[in-house]
Structures are given as C-alpha cells and as structure tokens.
Amino acid sequence: MRAKRLNIAYGSNLNLRQMARRCPTAKIFGKGILKEYRLLFKGVPGNAYVTIEPYEGGQVPVLLWDLQPEDEESLDCYEGYPNFYYKKDLKVELDNGGIVKAMVYIMTDKIKGRLNLNFPSPRYLNIVREGYESAGFDYAFINDALKVSKENI
C-alpha cells in the first residue's frame with residue numbers, strides 16, 4: 001500500500017468542489033509557487049487541458065494537497081495516468097518560505113493530437129477559474145496561458 005503524499009495542483013484540481021467529490025479524504029497542505037515553469041493549454045480546438053512545462057523565469061501558483069493513497073488512485077484515473085498525464089516530483093516554494101517536494105501531473109507526449117497549444121472548452125476554463133478564485137490566485141496566469149495559445153494557433 002502506498003503512503004500518503006503531497007500533490008501539486010495548478011489546474012482543475014484547484015477547484016475545491018471537484019476535489020471534495022473526487023478525493024474526499026484529501027486535505028489542503030498549503031499554497032506555493034512552482035518556479036521555472038509556466039501554465040499552458042494543450043489539446044484539440046475547444047478541448048484543451050492545462051499543463052505545465054519548464055520555462056526560464058516562469059512561475060505557476062499552486063495548491064498542495066495532502067493525499068491518502070485512495071485519493072491518489074482517484075486522481076490517477078481522472079488524469080488519465082500514465083497515458084495522458086505522467087507524474088513527476090518537483091520542489092515547491094511555500095508561501096511561508098519553506099520548500100517541499102511533491103508530486104505533480106504533467107501532460108505526456110504519448111497522444112500526438114494533444115500536443116498542440118489550443119483553447120479549453122468554456123466549461124473546463126470555468127472550472128479552472130473557480131479554482132483560481134477559491135485559492136486567491138491571480139487570473140493573469142490563466143490569461144497568459146490563453147495568450148500563448150492564441151499566438152500559436
């Protein structure tokens with residue numbers, strides 16, 4: 001049996017209502033910044049999902065979840081692990097200045113049609129925006145990701 005661990009949320013997993021349904025025993029550990037990464041929307045037109053990629057000077061606001069093994073199993077299913085998203089351990093700088101290592105889901109390159117920068121559905125974008133609002137994060141990060149998609153389509 002796997003031990004509990006921290007998860008880095010930067011997209012729809014910021015949405016508290018969704019996480020309460022999906023991972024009922026998960027608890028918020030804290031907020032932080034993922035440095036040297038940026039937020040992007042990748043997928044097919046009107047059905048892109050958020051991911052992160054390394055980006056010099058970039059940063060992504062994140063919420064850290066303390067997951068029980070059953071929560072992680074639920075997220076694995078939701079994220080399409082390992083075909084749609086893979087897991088990676090990254091260091092996060094917490095709001096209090098501390099640094100923790102946590103697991104994050106990052107979009108894979110296994111599904112070729114999902115590699116392109118594109119726009120999300122209005123429904124998905126609203127779920128991500130609700131998460132940003134509940135976490136107190138600046139919408140500028142979402143807007144910047146949408147701008148990158150617009151410039152590359």
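Laboratory data are not the source of any read-out in this text; all were calculated from the coordinates shown. Predicted model only: the values in this text are computed from it and were never measured. For neighbour counting, all protein chains shown are included, and Cβ atoms are generated from backbone atoms with ideal geometry for every residue, glycine included.
Order these by the 10 Å Cβ neighbour count, fewest first: Asp138, Asp144. Let's see the in-between values first.
On the way: Asp138 10, Asp144 15.
Listed from fewest to most nearby Cβ atoms, that is Asp138, Asp144.
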Collect residues whose amide H, placed 1.01 Å from N in the peptide plane, falls under 5 Å from the amide H of Ile28; neighbours closer than 5 in sequence don't count. Asp66
Counting only pairs 8 or more residues apart or on different chains, how many lysine pairs in region 1-114 have their Cα atoms under 20 Å apart? 27
Short version: ³J(HN,Hα) in whole Hz for each residue of region 143-148, in order, from phi by Karplus 6.51 cos²θ - 1.76 cosθ + 1.60 (θ = phi - 60°), x for Gly and Pro, what are they? 4, 5, 5, 5, 5, 4
Can you list the residues, at least 5 places off or on another chain, whose amide H is less than 5 Å from the amide H of Asn116, using H built in the peptide plane? Gly43
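In what sequence do Met103, Met19 fall when counting other Cβ within 10 Å, fewest first? Walk me through the intermediate numbers first.
Working: Met103 17, Met19 24.
Ranked by crowding around the Cβ, least crowded first: Met103, Met19.
Going by how many other Cβ atoms sit within 10 Å of their own, how do Tyr105, Tyr49 line up, fewest first? Intermediate values should be presented prior to the final figure.
Values: Tyr105 25, Tyr49 22.
Exposure proxy ranking, most exposed first: Tyr49, Tyr105.
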Non-local residues with an amide H under 5 Å from the amide H of Ala48, with H modelled 1.01 Å from N and Pro and chain starts lacking one, are Phe119, Ser121
